[in-house]
Amino acid sequence: MSKEMFLKYGCNPNQKPSRIYMNDGDLPIEVLNGNPGYINLLDAFNGWQLVKELKASTGLCAATSFKHVSPAGAAVGLPLSDTLNKIYFTDDLGELSPMACAYARARGADRMSSYGDFIALSDTCDAATARMIHREVSDGIIAPSYTSEALEILKSKRKGTYCVIKIDPNYVPEQLETKQVYGINFEQGRNELLIDNTMLENVITDNKNIPDDKKRDLVIALITLKYTQSNSVCYVKDGQAIGIGAGQQSRIHCTRLAGNKADIWWLRQSPQVLALEFVDSIRRADRDNAIDIYISEDCMDVLADGVWETIFKVKPAVFTKEEQRAWLDQNDGVCLGSDAFFPFGDNVERAKKSGVSFIAQPGGSIRDDNVIETCNKYDIAMAFTGIRLFHH
């Protein structure tokens, strides 16, 4: 390890020189392979904090898939159902370790956004996880350790240039953070807020029943939001984020964006999508894109004569809006976290359309009564955390 690392350039090729460095002591990382860039390292360090906190709060190994300093997905290492194994395209990999399950969930929730991701793992990267990563388009990975077999697999990726970073799991950063904008220095205390079930004790709706597995999912949502560019909203189900709306100026746009992503995740599990027969030569990214278009309003872009033959073995029927709505209405038990308060009940109305039954948000809006009333209308249990989670 060394005190500084020189980089090719900053956010853009014209931003030179570029480096990361420590004021005191050595950097807590060791680059085992490749040459990480400026944005790679921003993703790596934010992603590492996220999975480290998920592991601390849930007791389960965790993974996240980062793109442009926000998570595209985050999850803990619960086993995959047969359906999830199929829609994540991991059903040919045999038995998966908990760490591999965590990454399959983190990568699989929003495969379009995870294309070219930077991965963070809370625990040792094993061979099962490395084999899964090897065939995906990804920029790099950060983890506390790697098995020898996993490291060899990862080193062979991208013609030997794949970024592999080892981080000291015992590293403790300074309590004051500083950065510079336009030549002006900013300083603040690190956000060391511990997120766990105690934040969910103030349930202010008529329905006050939040089962333990839903508390876990709400905690996952809140920790994910802690490292997502604000404004942000996160939908979680069964131990994984299924829709993250990041960086929107409007709260309702966050809720819609994340809800639309959650809807796509659920629609991918429908009989219509599971029955799609792709041509053998299709690339993984093209298959992901075809599914995304097939369930969108632009479905004819992949179903038109002369086009579908290049994608599917058999021409699929149109997945109608009525059929989609009927399938979406079967989704329930979804948890939602928001990094700041809901100003109006319209956020709850939109969340309900994506199966949300449990909500955690700070509270504090002058229209809290309207938000609570809307939750009560749908028997949604909502906890006020009293804590804002802005991240910039």
* Asked: Going through segment 65-97 one residue at a time, which ones are of a type in the set (Ser, Thr, Tyr) and under 12 Å from the mean Cα position of the chain (by Cα)?
  -> SER65, SER70
* To do: Inspect segment 307-327 for any residue being under 25 Å from the mean Cα position of the chain (by Cα), surrounded by fewer than 16 Cβ atoms within 10 Å (Cβ to Cβ) and over 24 Å from ALA221 (Cβ atoms) and give the result as yes or no.
  => yes
* Subset of segment 85-99 (residues that are assigned to a helix (DSSP H, G or I) and in contact (Cβ under 8 Å) with a residue 40 or more places away in the chain) -> LYS86, ILE87
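Every residue, every condition in (1) in contact with a helix residue (DSSP H, G or I) (Cβ under 6 Å, 6 or more places away or on another chain); (2) not hydroxyl-bearing (Ser, Thr, Tyr), yes or no:
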{"residue": "LYS3", "(1), (2)": "no, yes"}
{"residue": "GLY10", "(1), (2)": "yes, yes"}
{"residue": "ASN14", "(1), (2)": "no, yes"}
{"residue": "PRO17", "(1), (2)": "no, yes"}
{"residue": "ILE29", "(1), (2)": "no, yes"}
{"residue": "TYR38", "(1), (2)": "no, no"}
{"residue": "GLN49", "(1), (2)": "no, yes"}
{"residue": "ALA74", "(1), (2)": "yes, yes"}
{"residue": "SER81", "(1), (2)": "no, no"}
* To do: Six or more apart or on different chains, Cβ under 7 Å: which pairs go from a residue in segment 20-40 that's farther than 16 Å from GLY160 by Cα and hydroxyl-bearing (Ser, Thr, Tyr) to one that's modelled with pLDDT under 95 and in a loop (DSSP other than H, G, I, E, B)? Could you list them?
  => TYR21/LYS3
* In segment 328-339, which residue that is among the aliphatic types (A, V, I, L, M) and buried (at least 21 other Cβ atoms within 10 Å of the Cβ) is farthest from the chain's Cα centre (by Cα)? -> VAL334
* **Qualifying residues in segment 262-318 (those that are part of a loop (DSSP other than H, G, I, E, B) and hydroxyl-bearing (Ser, Thr, Tyr)) - the one farthest from GLY116 (Cα to Cα)** => SER270
* Flag for ILE252 being within 30 Å of ASP196 (Cβ to Cβ), buried (at least 21 other Cβ atoms within 10 Å of the Cβ) and not hydroxyl-bearing (Ser, Thr, Tyr) -> no
* Kindly indicate whether any position in segment 63-79 is within 30 Å of LYS8 (Cα to Cα), in a helix (DSSP H, G or I) and touching a strand residue (DSSP E or B) at 6+ places or on another chain (Cβ under 7 Å). => no
* Structure fact -> When LEU60 is run through (1) closer than 24 Å to ASN260 by Cα; (2) in contact with a strand residue (DSSP E or B) (Cβ under 6 Å, 6 or more places away or on another chain), the failure sits at (1)
* So which of ILE223, ILE242, ILE210 ends up being touching a residue at least 24 places away in the same chain (Cβ under 8 Å), among the hydrophobic types (A, V, I, L, M, F, W, C), outside the structural domain of LEU54 (by TED's automatic domain parsing) and under 12 Å from THR58 (Cα atoms)? -> ILE223
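Scan segment 369-390 residue by residue and report those that are surrounded by 18 or more Cβ atoms within 10 Å (Cβ to Cβ) and either of a type outside the set (Val, Ile, Thr) or not in a helix (DSSP H, G or I) (or both). Steps first, please.
The initial filter retains those residues of segment 369-390 that are surrounded by 18 or more Cβ atoms within 10 Å (Cβ to Cβ), namely 371-372, 374-375, 380-385, 389.
Across segment 369-390, the qualifying residues are CYS375, ILE380, ALA381, MET382, ALA383, PHE384, THR385, LEU389.
Would you say LEU194 is crowded, with 22+ Cβ neighbours inside 10 Å and out of contact with any Pro (no Cβ under 9 Å at 6 or more places or on another chain)?
Working: crowded, with 22+ Cβ neighbours inside 10 Å: no; out of contact with any Pro (no Cβ under 9 Å at 6 or more places or on another chain): yes.
No, not satisfied.
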* To do: Working only within segment 156-182, note down all residues that are part of a strand (DSSP E or B), surrounded by 13 or more Cβ atoms within 10 Å (Cβ to Cβ) and out of contact with any Leu (no Cβ under 6 Å at 6 or more places or on another chain).
  => CYS163, ILE165, ILE167
* Structure fact -> Of (1) out of contact with any Asp or Glu (no Cβ under 8 Å at 6 or more places or on another chain); (2) surrounded by fewer than 22 Cβ atoms within 10 Å (Cβ to Cβ); (3) assigned by TED's automatic domain parsing to the domain that holds ALA221, GLY345 fails just (1)
* How many residues does segment 196-236 hold that are polar (S, T, N, Q), within 26 Å of LEU42 (Cα to Cα) and not in a loop (DSSP other than H, G, I, E, B)? -> 2
* **Cβ pairs under 7 Å, 6+ apart, first in segment 134-159 and among the acidic types (Asp, Glu), second part of a helix (DSSP H, G or I)** => GLU136/ARG107; ASP139/ASN40; GLU149/ALA127
* To do: Within segment 142-155, identify whether any single residue is touching a Cys at 6+ places or on another chain (Cβ under 6 Å), among the small types (Gly, Ala, Ser) and outside any strand (DSSP E or B), and answer yes or no.
  => yes
* Within segment 108-124, which residues are in a loop (DSSP other than H, G, I, E, B) and more than 20 Å from ARG283 (Cβ to Cβ)? -> ALA109, SER122, ASP123, THR124
* Spans of strands (runs of 3 or more DSSP E) in segment 2-46 with at least 3 residues within 25 Å of the chain's Cα centre (by Cα), farther than 23 Å from SER122 by Cα and among the hydroxyl-bearing types (Ser, Thr, Tyr) -> none
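The values are calculated or read from the model by the stated rules, or taken from the named source; none is laboratory data. Remember, predicted model here, so these are calculated numbers, not experimental data. Reconstructed Cβ throughout: ideal geometry from the backbone, glycine too, with neighbour counts over all protein chains shown.
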